[in-house]
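Undergrad: There's a structure below that I have some questions on.
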Amino acid sequence: MKAFIVDRYGKKELMRLGDTPRPQLLDDDVLIEVHAAGVNLLDSKIKSGEFKLILPYRMPLVLGHDVAGVVVQVGSRVRQFKAGDQVYARAPDHRIGTFAEFIAVNENDVAPKPMNITMEEAASIPLVGLTAWQALIEKAHLVKGQKVFIQAGSGGVGTFAIQLAKHVGATVATTTSGANTELVKSLGADVIIDYRKDDFEKVLQNYDVVLHSQNAAALEKSLRVLKSGGTLISISGPPDPAFAKGIGAPWFVRLIARLLSAGVRRKAARRDLRYSFLFMRSNGQQLREITRLIEAGVIRPVMDRVFPFESANEALAYVETGRAKGKVVVKIKRD
Ligand SMILES: NC(=O)c1ccc[n+]([C@@H]2O[C@H](COP(=O)([O-])OP(=O)(O)OC[C@H]3O[C@@H](n4cnc5c(N)ncnc54)[C@H](OP(=O)(O)O)[C@@H]3O)[C@@H](O)[C@H]2O)c1
């Protein structure tokens, strides 16, 4: 099959369009013909080698975590899907590779594609949708009436998280640059801060939850906008010991996570806050909940650009600029 292959780690390395064997179908897997693949910063971070310690891959490697497509074959133990089903998924760590014509995914990581959106739109959802779900619902237990601050509301995670938090009934504050104000407003954001002009720390007080996705300075400030008993969830580091333990990391990685997060954990404890690092996971059950919300019209995909298959490197480079409004997708199967 045709795929975009990475031969070695490196920030500047380009993916090479080449031929590679179809992935092996295990008993619990469905083989998906990829129609569209979502692009995430995680693809870029894996390619650069930044994640080598916690997420090592053997080369050559096919990148790509998000897929929307059609089931073409099922393993002997598969019960939830059959050939011809339209599905979407976040391919699990260590078995990624959606920048290709086919991918095999365990059926428990797959969900039916929402019927009211296109393949390209569906491919934009899994990784960011599950991230928002796991941060706000699973970890923070966000409920009606609470106040949540979602950083970078115009990004992939932010556009989904704002809509999910509004659905729950929370008041949502977000940061974005002036040009994206209308976008985040249309998604339901109540308080919008232009981070190029204003300092969120001076505007926000007594928040219940912060979804942090930016740099260390924003992490430090986030501690100060939370009220006592509040929750700070970071998806951009530093990793904490609970995360390292959860992925079964070796002792030295656990030690590094302990050291890297010592400062923020200490400061959080002093203010009676909970700090937690999230590294999202594939989850077909949660993705089914997301399908329901999309089909009910509660959440809509926010798309920036769709690139043709041949332009997967350009798609990745565009995401790396950090300026995407919503999601970037590569269309793999021609109509
Ligand atoms: N741990 C996990 O499981 C996990 C999962 C998903 C993502 N992440 C991480 O979370 C981060 C966000 O991911 P993403 O996919 O949402 O990124 P993204 O879509 O690439 O984010 C782009 C958006 O960020 C906005 N932005 C840039 N700098 C900003 C700032 N200082 N303040 C507020 N907004 C800013 C930009 O808006 P303007 O153009 O208006 O500046 C743009 O719309 C990344 O570091 C990613 O790797 C982690």
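The values are calculated or read from the model by the stated rules, or taken from the named source; none is laboratory data. This one's a predicted model, so the numbers in the text were calculated from it and none came from an experiment. Note that we place each Cβ from the backbone using ideal geometry, even for glycine, and neighbour counts take in every protein chain shown. Surface areas here come from the heavy atoms of the whole protein model, side chains and all, with no ligands, DNA or RNA. Shrake-Rupley method; radii C 1.70, N 1.55, O 1.52, S 1.80 Å.
Undergrad: Given the criteria among the charged types (D, E, K, R), touching a strand residue (DSSP E or B) at 6+ places or on another chain (Cβ under 9 Å) and part of a loop (DSSP other than H, G, I, E, B), does ARG79 qualify?
TA: no
Undergrad: Can you confirm whether the stretch 303-311 contains a residue that is open to solvent by 40 Å² or more (accessible area, probe 1.4 Å) and within 24 Å of GLN134 (Cα to Cα)? So that I can check it myself, show each step before the final result.
TA: If we filter the stretch 303-311 for residues that are open to solvent by 40 Å² or more (accessible area, probe 1.4 Å), which is where we start, we get 303-306, 308, 310.
Retained after the next criterion (residues that are within 24 Å of GLN134 (Cα to Cα)): 303-304.
Yes.
Undergrad: Based on what the data block shows, is ALA257 over 25 Å from GLY153 (Cα atoms) and more than 19 Å from the chain's Cα centre (by Cα)? Steps first, answer last, please.
TA: Details: over 25 Å from GLY153 (Cα atoms): yes; more than 19 Å from the chain's Cα centre (by Cα): yes.
So ALA257 fits the description; yes.
Undergrad: What are the pairs, 6+ residues apart or on separate chains, where a residue within the stretch 167-183 that is open to solvent by 20 Å² or more (accessible area, probe 1.4 Å) has its Cβ under 9 Å from a residue that is basic (Lys, Arg) and within 12 Å of the ligand (Cβ to nearest atom)?
TA: Filtered contacts from the stretch 167-183: GLY178/ARG196; GLY178/LYS197; ALA179/LYS325; LEU183/LYS325.
Undergrad: Are any residues in the stretch 232-242 under 18 Å from LYS45 (Cα atoms) and of a type outside the set (Gly, Ala, Ser), and if so, which ones?
TA: ILE235, PRO238, PRO239
Undergrad: From the residues in the stretch 150-206 that are among the acidic types (Asp, Glu) and over 24 Å from ALA216 (Cα atoms), which one is nearest to the ligand (Cβ to nearest atom)?
TA: Top of the filtered list is GLU182.
Undergrad: Could you grab me the full set of residues in the stretch 189-204 that are surrounded by fewer than 17 Cβ atoms within 10 Å (Cβ to Cβ) and touching a helix residue (DSSP H, G or I) at 6+ places or on another chain (Cβ under 6 Å)?
TA: Those that are surrounded by fewer than 17 Cβ atoms within 10 Å (Cβ to Cβ) and touching a helix residue (DSSP H, G or I) at 6+ places or on another chain (Cβ under 6 Å): ASP194, GLU201.
Undergrad: Looking at (1) within 18 Å of the chain's Cα centre (by Cα); (2) crowded, with 24+ Cβ neighbours inside 10 Å, can you tell me which one LYS139 breaks?
TA: For LYS139, the failing item is (2).
Undergrad: While we're looking at this one, here's another question. Restricting the search to the stretch 207-243, which residues are assigned to a strand (DSSP E or B), among the aliphatic types (A, V, I, L, M), more than 12 Å from the ligand (Cβ to nearest atom) and under 21 Å from the mean Cα position of the chain (by Cα)?
TA: Keep residues of the stretch 207-243 that are assigned to a strand (DSSP E or B), which gives 207-212, 226-234.
With among the aliphatic types (A, V, I, L, M) added as a condition, the list becomes 209-211, 226, 232-233.
Still in the running and more than 12 Å from the ligand (Cβ to nearest atom): 209-210, 226, 232.
Passing the criteria: VAL209, VAL210, LEU232.
Undergrad: Now for a separate question. Suppose we filter GLY84, GLY69, GLY97, GLY64 for residues that are assigned to a strand (DSSP E or B) and outside the structural domain of ARG258 (by TED's automatic domain parsing); which single one remains?
TA: GLY69
Undergrad: Are any residues in the stretch 306-328 more than 12 Å from the ligand (Cβ to nearest atom) and in a strand (DSSP E or B), and if so, which ones?
TA: VAL306, PHE307, PRO308
Undergrad: Right, something else. So which residues in the stretch 104-127 are within 16 Å of the ligand (Cβ to nearest atom) and open to solvent by less than 10 Å² (accessible area, probe 1.4 Å)?
TA: Answer for the stretch 104-127, where residues must be within 16 Å of the ligand (Cβ to nearest atom) and open to solvent by less than 10 Å² (accessible area, probe 1.4 Å): ALA123, SER124, ILE125, PRO126.
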